[in-house]
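Have a look at the structure below before the remarks.
Coordinate-derived values only; no laboratory data. Owing to the predicted nature of the structure, the values given are computational and were not obtained by experimental measurement. Counting neighbours? That spans all protein chains shown, and the Cβs are built from the backbone with ideal geometry, glycine included.
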Amino acid sequence: EELVNASDTNENLIRMLQSNAPIFCFTRIDENTFNFTLEMQNRTMTHDFKLGEPHEMERRDGSKVKITYTLEGENVLKQVIIPKDGRVAYFRREFGENEVKMIIKME
């Protein structure tokens, strides 16, 4: 809840996240390219990205963010999200055999 409030998320998205946890999947396409799929409440968002290359993505509300992914070792995927307001979010996902641990830090 603290993260959602700090990120200035709209009320509809807050209610959706509190009632249904999103499902995400990262699929490696080649050495440096991945596909990211996110499913929330019967909606699916998908995009491909290359490690270390910033790219722009449009959010559901129409705002745009810059995202960069990097890989640390074989099982840690880092993501930096920079919205237009400059409030940077850092995601660190550590993939285990049957689980994912995610740490999120906000500036």
Rg(Cα) / (2.2 N^0.38 Å) computed for the stretch 28-105, rounded to two decimals: 1.13
message: Using each residue's phi in the stretch 25-34, evaluate 6.51 cos²θ - 1.76 cosθ + 1.60 at θ = phi - 60° and report the 3J(HN,Hα) Karplus result to the nearest Hz, with x for Gly and Pro.
response: 9, 10, 10, 7, 8, 8, 3, 10, 10, 10
statement: Net charge near GLU58 (other residues with Cβ under 13 Å of its Cβ; Lys, Arg +1; Asp, Glu -1) is +3
message: Going by amide H atoms built from the backbone, whose H comes under 5 Å of the H on ASN32, apart from near neighbours?
response: none
task: Starting at the first residue of the stretch 81-91, write each ³J(HN,Hα) from the Karplus equation 6.51 cos²θ - 1.76 cosθ + 1.60 with θ = phi - 60°, in whole Hz, x for Gly and Pro.
output: 10, 10, x, 4, 6, x, 7, 7, 10, 10, 10
